[in-house]
Amino acid sequence: MKVTRITATLAAFALAITACGGDDDEPTSPDDGDNGAAEEGEVNRGGVYTTIVTQLDATAPPNPFNPDTNSFLGYNAMRLAWVKNHPTDPSDFYPGLASEWEVSDDNLELTVTLHPEATWSDGTPVTSDDVVLSANIAYTRGSGAFILDPGAAGAASDVEVIDDKTLRFTQDPDNPTGEFVNGIMDMTIVPEHVYGDVLPADFEETLEAAQGEGEDAEEARDAVSEAGEEVASFDPGEDISAGPYVLERINPSEALLTRNEHFHNDHLVAPDQVIVRNYDGNEQVWDYLQAGELDSSHFVAVPEDVVQQIEAVPGNEISRTYSPVVAGLAFNQSYEPFDDVHVRRALAYAIDREQMVSVSTPDGGDAATTTSGIHQEVVDEWIGDAVGELDPYEHDLDAAEEELEAAGMTKEDGRWLLPDGEPFEVPIQVVSGFSDWIAAGENIATQLDEFGIESEILTSPDFTVYQEEMAAGDYPLGFWLIGLGPSPYNIFQRLYGQSNGWQVHAGQLSYSEPGEDGNWKGGPETIEVEGHGEINPGELTHELRTADEERTQEIMTILARATNETLPVIQLWDYINTQFSNTDRFITDPPDDARRVSGVTSLAGIWIQQGWVTAVE
Amino acid sequence: MKGFARRLAGQLARGLVMVWVVLTFTFVIISIMPGDPVRAEYENLLQQGYSPEQAEAQAAMLHRFRPTGSVFEQYVDYVGSLLRFDLGQSLYSRVDVATVLADAAKWTVIPVLLGTVLSFGLGVVVGVYAAIKRSSKLGDMLTMSGSLLRGIPDFVVGLLLASIFATLWPILPRQGAVNILYEPWTVEYVLSLGYHAILPVATYTISAYGGFILAMKSSVVTVLGDDFILAAELRGMKRSIIFRYIARNAILPLFTVFALSVAAVFSGAIFIERIFNYPGLGMLLIDSIGRRDITVMAGALLLITVAVIIANIVADLFYSVIDPRIRRAGDRV
């Protein structure tokens, strides 16, 4: 039995995604029969499956740690497991390289068993050593590196190699995190016999040193980061895959993946080959779909008329499933009069969200029923009966007038004036090319104008400029994505995180005044919430990282209530995960909870390996 | 010969100065370009389901390649690297920018040159014909076609061709460069390359064609009025010989137009490649701007502008080679 003293929890975060402290104490595996995976003989094999990816780079290596990698998750890159699109539990998985996993009741220990037949495409078995190396690499590559900060939640635990196919991960009981299981299961695994020499020989010692404090620790952290650069730049040459496919060849437009005969569930894999086509703009995807050339495509924004054209193509089918993403209109409360809650409430009442959605994104969203900060499909599960206490902000121009009057505004000649007599203006910032935001912004501006408020949309040239200028506090109002569950911390971090003044450095929460350190929302540090008194929403959000189930629900209720009362954003619509497939060559039929997997955009590889794609005979 | 060498040296010196101006301009543009790729990447990762800390750390990896020091120091570093032919690495793929550019350039240079040469040949022939038949309806129609196509932006031509031949009457591929199912450099592969290149090349050809017709027609009409043509006719020379005189003299200004067309078509490739999802320098440039991959962006801009400068130098030198008046004038200096 080999014990490797590394911080498994840290490592697991490297290519990891969101998580919460759910108690997944029931081991699940492909053999349980309850995970929806197909059984042997259920798929017809053969044919070429065509799907899409974005930003294909023919010059990049097939290395999953390269930012432009040609290792495509689900196809020729594998994780231990794939996170289901569960509305509230981020620790619910479909199997990847792991066939079984078991979490202890206290969420401190995770035992993972690799699939007994798991084998790399060169015939080498997938072993625990591959997982240990991948965990080490995970520390070096950005998303895991943050845990090297002293005091970060979830630091320091062990990985114990029980045998060639079994490992036990243990997190530090003095510094636990709810993201423990999710972070490990979501780890991308690379072959030790290919990547083994990329990290320095003394890497594990460097890792240990990096978790300390002082100059030596700082140097060690730099060394870890440098090792990360080596990892990112590494070119393995030949693609060695433990997934259902291996990269055969690539040009700047397309990549060709061919069947990996060694894949442990090859009997469930229908297509002999997969072509992934590159796209740089959504309209390119629309063209492919209108030509019936794609067997499936993941979510891209599509205007209603184009949806109809795509639907009209024989064989094309559309699925509409849950997405945790919510569109909101966020206020910068450093700008007057948006610092006045009456003004924000007035706008919430004045905007007819049903009309806006029906005009701007009828196929891509459902109008929000209220503003809570939480996706409406899961708000009941998080806050229960308290939902009924939230103000729905239904379209009500009388209520909007009352709120504006409460803010000291007056109406003259049908136009609303500020207390100083100047016209009340609402500029709405959108991004060029974001068709749904632009259409929604235009509709809101029209509605407000009809109500007597000067409003117009202003367009940023692209998303990078939008992000920079928004963070710099240049926009009084702008579109802002919220929700982003299922992790409760992630949900409210969008409202009470860095953008509103609360930051985590070295595990410690701090607050920056509006206009400083990326605080562009400019909300107050503490707020009064009816029935709960004065709260600090940032502190409560931070607590969600480690809170138990009961406390989590309590905090979620308070924060939902606070969001509803103070409206740092107006919740506009919940996105619908609209995806397309074509049934002429293949039937693509994954369960709804596999239609979105955190951190994976091109999902067909996961669907294929689970046996949810079958060739048309 | 001595005159040609002198001209070549002069052109190269001018070209180098222009390259320096361009790279300085490119550096300034990139330095003042707004947009924070790290923050945009952070948002993208959050939307994919990464936790805020993971997304922040992952996105911050881009910072490691961000230039440091004062703007002047960055400029000196940049120029120094270029003098060592070091264009740096892509911020994303960590691949040498030279490799990235070389991979993309072949998809732009060949179609652009092919399209320009085709439009040049077509424009010259049709232009001569339009000049000779300038009093006929056919001549008028040819001239009008040139004027019309000269006025239509190349991306409109591209969209029209795509609508007609890839959507309404789908006989040509709308997107991509080659069918990846074919083994490289087999007969099927080469045919597929050509098949996918038809619409982009046709767009380049049609877009540049109008300019060539009008320039050639104008040039031929001017030459037709020259004394030496009148003298040749009076001496009873064969029509075909006179036509050769006309063509040889009239075509000279077209080489300048050709160089300018190559430049225009190169820059137009940015839009055309986007329309046809064709993976050349234009697509690379757009993609790198969107992601703020500044090393690739700088490299692509530099390559495109240097290509234009080289085209101009070649055109000027070629002009002097084929026009004895310029050659002799150079030798006398």
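FYI, it's all coordinate maths here, none of it is from the lab. Predicted, not measured: the structure shown is a model, and the values here were computed from it. Every residue, glycine among them, receives a Cβ derived from its backbone with ideal geometry; neighbour counts consider all protein chains shown.
Residues B:K106, A:K521, B:K238, arranged from fewest to most other Cβ atoms within 10 angstrom of their Cβ, appear as B:K238, B:K106, A:K521.
Given axes a ≥ b ≥ c from the Cα gyration tensor, I'd like to know whether the range A:377-480 is rounded (a/c under 1.5), prolate (a/b larger than b/c) or oblate. Since a/c reaches 1.5 but b/c is at least a/b, the shape of the range A:377-480 is classed as oblate. For the protein assembly as shown, pairs of C-alpha atoms spaced more than 47 angstrom apart make up 34 percent of the total. Take every Cα pair under 8 Å whose residues are at least 6 apart in sequence, average their separation, divide by the length of chain B, and the relative contact order is 26 percent. Here's the list of lysines a cross-link from B:K137 could span, going by alpha-carbon distance under 22 Å and ignoring same-chain residues fewer than 8 apart: B:K217.
Taking a ≥ b ≥ c as the square roots of the eigenvalues of the alpha-carbon gyration tensor, chain B is classed oblate because a/c is 1.5 or more while a/b is no larger than b/c. Amide H to amide H, with H built 1.01 Å from N, A:D158 comes under 5 Å of A:A8, A:T170, counting only residues 5 or more places away or on other chains. Take each residue of peptide A:463-472, count the partner chain Cβ atoms within 10 Å of its Cβ, and average: the result is 6. Can you classify the range A:233-301 as rounded, prolate or oblate using the Cα gyration tensor, where a ≥ b ≥ c are the square roots of its eigenvalues, rounded means a/c under 1.5, and otherwise it's prolate if a/b beats b/c and oblate if not? Oblate, because a/c is 1.5 or more while a/b does not exceed b/c. Note: relative contact order over chain A, using C-alpha pairs below 8 Å and six or more positions apart, is 21 percent.
For A:F586, the residues 5 or more places off, or on other chains, whose built amide H falls under 5 Å of its own are A:V616. When peptides B:4-10, A:252-258, A:300-306 are ranked by their average number of other Cβ atoms within 10 Å per residue, the highest-first order is A:252-258, A:300-306, B:4-10. Annotation: the residues B:L83, A:L484, sorted from fewest to most other C-beta atoms within 10 Å of their own C-beta, follow the order B:L83, A:L484. To the nearest 0.05, how large is the calculated FRET efficiency for A:D474 and B:S81 if R₀ is 41 Å and r is the Cβ-Cβ distance? Computed FRET efficiency for A:D474 and B:S81: 0.75.
If R0 is taken as 41 Å, the Cβ-Cβ distance between A:D396 and A:Q309 corresponds to a FRET efficiency of 0.65. Backbone phi angles across the range A:546-552, fed through the Karplus curve with coefficients 6.51, -1.76 and 1.60 (θ = phi - 60°), yield HN-Hα couplings of 10, 5, 7, 4, 5, 5, 4 Hz in residue order; Gly and Pro are listed as x.
Converting phi to 3J(HN,Hα) with the Karplus coefficients 6.51, -1.76 and 1.60 and the offset θ = phi - 60°, the range A:589-602 yields 9, x, x, 4, 6, 10, 7, 8, 10, 4, x, 10, 9, 8 Hz in sequence order, with x at every glycine or proline. Applying 1/(1 + (r/R0)^6) with r as the Cβ-Cβ distance of B:M144 and B:L224 and R0 = 30 angstrom yields a FRET efficiency of 0.90. Across the range B:307-313, computed HN-Hα scalar couplings (Karplus, 6.51 cos²θ - 1.76 cosθ + 1.60, θ = phi - 60°) run 4, 5, 4, 4, 4, 5, 5 Hz from first to last residue, x flagging Gly and Pro. Please report the base-10 log of the normalised intensity I(q)/I(0) for the range A:278-373, using a Debye sum with one equal scatterer per alpha carbon and no solvent, at each q in 0.21, 0.22, 0.23 (1/Å). Debye curve over Cα of the range A:278-373, log10 I(q)/I(0) at q = 0.21, 0.22, 0.23 Å⁻¹: -1.08, -1.15, -1.21. Residue by residue along A:279-286, Cβ atoms of other protein chains within 10 Å of the local Cβ number 3 on average. Taking amide H positions as modeled 1.01 Å from N, with prolines and chain starts lacking one, the residues under 5 Å from A:Y279 and 5 or more places away or on another chain are A:V53, A:T54, A:Q55, A:L56.
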